[in-house]
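Chemist: What follows is a structure written as structure tokens; I'll ask about it next.
The values are calculated or read from the model by the stated rules, or taken from the named source; none is laboratory data. Here the structure is a predicted model, which is why all the values come from computation and not from measurement. Note that we place each Cβ from the backbone using ideal geometry, even for glycine, and neighbour counts take in every protein chain shown.
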Amino acid sequence: MKLQEYTESRHNFEECMKCTVCTAYCPVLQVNPRYPGPKQAGPDGERLRLKDPYFFNYALKYCLNCKRCEVACPSDVKVADLIQSARIRYDKSKPKLRDRILASTDFMGSLARPFAPIVNGVTGLGITKNVLDATLKIDHQRTFPKYSGRSFEAWLRRREKEQAAFPEQVSYFHGCYVNYNYPQLGKDLVKVLNALGVGVRLLEKEKCCGIAMITNGMSEQATRHATHNVAAIEAAVHEGRKVLTTSSSCTLTLREEYPNLLGVDNTAIRDSLLMATRFIYEKLERGASLRFRPDFHKKVAYHVPCHMERLGWGVFSEKLLRLIPGVEFTLLDSACCGIAGTYGFKKENYAASQAIGAPLFEQIRAVDPEVVACDCETCKWQIEMSTGYTVANPISILAEALAD
Amino acid sequence: MKFNTVIIGGGLAGLVAGISLQKAGQNTAIISSGQNALHFFSGTFESMEEPSQQLAELFSEAGIRTHYQAGVRLMPLGTFRPAALSLEDISLFPTSHFGKKVLIVNFLGYHDFFSSFLAEGLEKQGMSCRIHQLKLAQLEWLEQSPSEMRSVQIARIMDRIWDVVVQEVRVLLKDEDTVVLPQVFGLQDISVPGRIRQGIPAQVVFAGTLPPSVPGIRTQMLLKRRYELLGGTYLAGDEATGAHVHEGVVHSIVTKNLDSHFLEAGHFILASGGFFSKGLRSNPFQIQEPVFGLDVVQAADRSDWYQPDFMQEQPYMSFGVQTDAQLHAVRDGQALKNLFAVGSILGGTRPEMGTAAGLAIRSALAAVDQILRRS
């Protein structure tokens, strides 16, 4: 008998017993006293908001949505979901132009890509940064991600036949970053999967997962993207393919945020959607093998991105990296790098963003690795900009270590 | 994924077991569904005798500083309790009369520390007390969010400005021989409590605050770091949801995050805690152990679970899983050969007596001992 059936509360908020553990692990609370903290913003605030939406507090926008409160909560309260869904429900302010620009990663990508060399040159200029800072409040100290001249989709389409020849097939949800900014990661994945006898296909048509739209007050657009993506992934799943990803934040959005925040049912695809590191690890565990370069040597420090921590799948990337002969492995302490997608690009968040990441940057300098491994593209921008160390997805490190 | 031993529960018992097994060369995983009772830790491993060499080593290698002396310690509301093995932060006294004149210092705006109760309790012991609310400019920014002026937030700042506190207290100090301060020191920098003691020319006593416990969180972080440094796999925020058991032997564990990817092992340790940690769950009819469905020692009639008088000894506090003499967990009357239950989930224990930390360590080490002897 399910006794809790009739008493279950939204995002489990009634389970909160006010133990305050979440407040000890919130990275924002450590640097920004204007933020009410996860307990106050989440379950405590929810009681008040249910009474009267008047109690909605606009300071909830300071939440990073890193989900560390949820990982820490001993009572399974979905604290970050409570905060984000309160923002979706009660925040009536229209998103600013800047927020709309930052959130529309695939639209901006498709605009910028054909003019990549010019765009990259212009966004790298001090004067552009100052103008963006003054007009749009995008912090001038940020380094912008570079755009790639050719999209990953175009690259893979040219290899459709060659990929179709492999005995096993998967589909790849590459995300905006691989498509517009860094196709090399997608190429690395294709290399590793091909070495395992697996061919890679695109989805029918994928859209941005929508994570930045959710946090920037554009939940309607995000819901449209979610409905589209679930259908596109479902089509691949129906044909018997797994759908792989290389970005932990896209994956968390597709798996958790769609049903929990946007109300988009994804049960048909949930079990077939895997981070590539998990798929590869499981394949190796079942007996598949990879040939590695005998001379490979690399000192790797692995940073588990917050959303990977919430997924609970960092263990697959870690074990995979440890399997590579010649990898000298260090697991970095669990900590947020501070960027949280578009959050750290905003002028009002820049200082907080850097202060949150400081302990992680310090540890990276102390470990002094040749490369920092990480499954998240925005962590990569943040860590590279703040420490000068190169950051690579575990898949890219794996590809580099393979024998030709 | 295959391990030598899989441990369910990432608190004191689970981490002590995990570290000991990793040290002995095993490959282990810990499944931790949310943070644990160390966040409410008093700092005293009550009911522990003088630590064995094994335990003393485990603590010192993790960077945890403890001391041992049979006596009493000061409780947050000005009462005293017997104590022995404790974190170095905790002062241990031969008797409850530990000073003549006491200066109790709190920080202005911090409401989780009870100066006046402390003073009342100490005055009962014949000590005279003076309370001072210290106003520190460095803490002012915390006051912008009054609900969040908590031990941990203060401790983060204190790691940087502890010397300001030393200077301020030196100025405040008149003829007092003892200073009592809230336990908000040494979250990251473990040397801070010692430096404060050195800098203030009086006996310094750190008294407990409302949760979260700063020494407790520090202990948790140090143990987890040590476990991971030894190559252990700590699955934070994951939850064991079921197990595959065949003919009295556990083969694998199912978790919420890893769904179809099972965790296989030769041995398993159940250190999932009591009611708070959801190691035990209750409904109006019975108390259950949710992962394996183990036999739970409990009163059959619900009215015998509790005493109507809240302050009375509550029977449900001693409910827990049934084990045999070797700590093998029992299901349907049969002991499972490779599953050990340790810590607060055990039946017949009295956590309200403050024995939980000692029980966690002793039962964890007993299980480790058996696992290592067998393999």
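Chemist: Answer yes or no as to whether A:ILE280 is of a type in the set (Val, Ile, Thr), over 29 Å from A:CYS63 (Cα atoms) and within 14 Å of chain B (Cβ to nearest Cβ). Spell out the reasoning first.
Modeler: Values: of a type in the set (Val, Ile, Thr): yes; over 29 Å from A:CYS63 (Cα atoms): yes; within 14 Å of chain B (Cβ to nearest Cβ): yes.
Spelling it out, A:ILE280 is indeed of a type in the set (Val, Ile, Thr), over 29 Å from A:CYS63 (Cα atoms) and within 14 Å of chain B (Cβ to nearest Cβ).
One line per residue, one yes/no per condition, for (1) within 12 Å of chain A (Cβ to nearest Cβ); (2) touching a Leu at 6+ places or on another chain (Cβ under 9 Å); (3) part of a helix (DSSP H, G or I):
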position: B:GLN133; (1), (2), (3): no, yes, no
position: B:LEU139; (1), (2), (3): yes, yes, yes
position: B:GLU143; (1), (2), (3): yes, yes, yes
position: B:ILE154; (1), (2), (3): yes, yes, yes
position: B:ASP159; (1), (2), (3): yes, yes, yes
position: B:TRP162; (1), (2), (3): no, no, yes
position: B:VAL165; (1), (2), (3): no, yes, yes
position: B:GLU168; (1), (2), (3): no, yes, yes
position: B:VAL171; (1), (2), (3): no, no, yes
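Chemist: Looking for whichever is at pLDDT 95 or above, polar (S, T, N, Q) and out of contact with any strand residue (DSSP E or B) (no Cβ under 8 Å at 6 or more places or on another chain) here; the options are B:GLN198, B:GLN153, B:GLN144. Which one fits?
Modeler: Values: B:GLN153 fails: at pLDDT 95 or above; B:GLN144 fails: at pLDDT 95 or above.
From the options B:GLN198, B:GLN153, B:GLN144, the qualifying one is B:GLN198.
Chemist: Tell me which residues, restricted to the stretch A:30-63, are charged (D, E, K, R) and more than 23 Å from the chain's Cα centre (by Cα).
Modeler: Initially, the stretch A:30-63 is screened for residues charged (D, E, K, R), giving A:34, A:39, A:44, A:46-47, A:49, A:51-52, A:61.
Those that are charged (D, E, K, R) and more than 23 Å from the chain's Cα centre (by Cα): A:ARG34, A:LYS39, A:ASP44, A:GLU46, A:ARG47, A:ARG49, A:LYS51, A:ASP52.
Chemist: Would the stretch A:330-349 turn up any residue that is surrounded by fewer than 17 Cβ atoms within 10 Å (Cβ to Cβ) and touching a strand residue (DSSP E or B) at 6+ places or on another chain (Cβ under 7 Å)? Break it down into steps so the answer makes sense when it comes.
Modeler: Taking the stretch A:330-349 and keeping what is surrounded by fewer than 17 Cβ atoms within 10 Å (Cβ to Cβ), we get A:333, A:348.
Applying the additional criterion that residues be touching a strand residue (DSSP E or B) at 6+ places or on another chain (Cβ under 7 Å) yields none.
Checking the stretch A:330-349: not a single residue is surrounded by fewer than 17 Cβ atoms within 10 Å (Cβ to Cβ) and touching a strand residue (DSSP E or B) at 6+ places or on another chain (Cβ under 7 Å).
Chemist: Of the conditions (1) in a loop (DSSP other than H, G, I, E, B); (2) surrounded by fewer than 18 Cβ atoms within 10 Å (Cβ to Cβ); (3) modelled with pLDDT under 80, A:GLY149 fails just one. Which one is it?
Modeler: So A:GLY149 meets the others, but not (3).
Chemist: For the stretch A:78-93, check the following and say yes or no: at least one residue is buried (at least 18 other Cβ atoms within 10 Å of the Cβ), within 11 Å of chain B (Cβ to nearest Cβ) and assigned to a loop (DSSP other than H, G, I, E, B).
Modeler: No.
Chemist: So, in the stretch B:29-69, exactly how many residues are more than 14 Å from chain A (Cβ to nearest Cβ) and polar (S, T, N, Q)?
Modeler: Count: 9.
Chemist: Then there's this: Only residues that are in contact (Cβ under 8 Å) with a residue 60 or more places away in the chain and touching a strand residue (DSSP E or B) at 6+ places or on another chain (Cβ under 6 Å): list them for the stretch A:255-286, please.
Modeler: A:LEU273, A:MET275, A:ALA276, A:PHE279
Chemist: Looking at B:ALA37, B:ALA56, B:ALA70, can you tell me which residue is among the small types (Gly, Ala, Ser), at pLDDT below 95 and in the same structural domain as B:GLN125 (by TED's automatic domain parsing)? Reasoning before the result, please.
Modeler: Working: B:ALA37 fails: in the same structural domain as B:GLN125 (by TED's automatic domain parsing); B:ALA56 fails: in the same structural domain as B:GLN125 (by TED's automatic domain parsing).
Just one listed residue meets the conditions, B:ALA70.
Chemist: Looking only at the stretch A:70-103, count every residue that is farther than 29 Å from A:GLY45 by Cβ and of a type in the set (Ser, Thr, Tyr) and tell me the total. Spell out how you get there, then give the answer.
Modeler: So in the stretch A:70-103, the residues farther than 29 Å from A:GLY45 by Cβ come out as A:101.
Applying the additional criterion that residues be of a type in the set (Ser, Thr, Tyr) yields none.
Residues that pass the stated criteria total 0.
Chemist: On to the next question. Yes or no: A:ARG158 free of Cβ contacts under 8 Å to residues at least 12 places away in the same chain, surrounded by fewer than 16 Cβ atoms within 10 Å (Cβ to Cβ) and of a type outside the set (Asp, Glu)? Give the derivation first.
Modeler: Details: free of Cβ contacts under 8 Å to residues at least 12 places away in the same chain: yes; surrounded by fewer than 16 Cβ atoms within 10 Å (Cβ to Cβ): yes; of a type outside the set (Asp, Glu): yes.
The answer is yes for A:ARG158.
Chemist: A further question on this structure: Could you list, in sequence order, all residues of the stretch B:184-209 that are surrounded by 22 or more Cβ atoms within 10 Å (Cβ to Cβ), within 21 Å of B:SER60 (Cα to Cα) and not aliphatic (A, V, I, L, M)?
Modeler: Answer for the stretch B:184-209, where residues must be surrounded by 22 or more Cβ atoms within 10 Å (Cβ to Cβ), within 21 Å of B:SER60 (Cα to Cα) and not aliphatic (A, V, I, L, M): B:PHE185, B:GLY186, B:PRO193.
Chemist: Among the residues of the stretch A:44-73, which ones are under 14 Å from A:PHE13 (Cβ atoms) and within 13 Å of chain B (Cβ to nearest Cβ)?
Modeler: Those that are under 14 Å from A:PHE13 (Cβ atoms) and within 13 Å of chain B (Cβ to nearest Cβ): A:ASP44, A:GLY45, A:LEU48, A:CYS69, A:GLU70, A:CYS73.
Chemist: Among the numbered criteria (1) within 12 Å of chain B (Cβ to nearest Cβ); (2) among the polar types (S, T, N, Q); (3) assigned to a helix (DSSP H, G or I); (4) under 21 Å from the mean Cα position of the chain (by Cα), which one does A:ASN349 miss?
Modeler: Against the list (1) within 12 Å of chain B (Cβ to nearest Cβ); (2) among the polar types (S, T, N, Q); (3) assigned to a helix (DSSP H, G or I); (4) under 21 Å from the mean Cα position of the chain (by Cα), A:ASN349 comes up short only on (1).
Chemist: Can I ask one more? For B:ILE287, indicate whether it is in contact (Cβ under 8 Å) with a residue 24 or more places away in the chain, crowded, with 20+ Cβ neighbours inside 10 Å, within 14 Å of another protein chain (Cβ to nearest Cβ) and among the hydrophobic types (A, V, I, L, M, F, W, C).
Modeler: Numbers: in contact (Cβ under 8 Å) with a residue 24 or more places away in the chain: yes; crowded, with 20+ Cβ neighbours inside 10 Å: yes; within 14 Å of another protein chain (Cβ to nearest Cβ): yes; among the hydrophobic types (A, V, I, L, M, F, W, C): yes.
Against the criterion (in contact (Cβ under 8 Å) with a residue 24 or more places away in the chain, crowded, with 20+ Cβ neighbours inside 10 Å, within 14 Å of another protein chain (Cβ to nearest Cβ) and among the hydrophobic types (A, V, I, L, M, F, W, C)), B:ILE287 qualifies.
Chemist: I've got another one for you. Would the stretch A:13-29 turn up any residue that is under 27 Å from the mean Cα position of the chain (by Cα), part of a helix (DSSP H, G or I) and away from every other protein chain (no Cβ under 12 Å)?
Modeler: Among the residues of the stretch A:13-29, at least one is under 27 Å from the mean Cα position of the chain (by Cα), part of a helix (DSSP H, G or I) and away from every other protein chain (no Cβ under 12 Å), which makes the answer yes.
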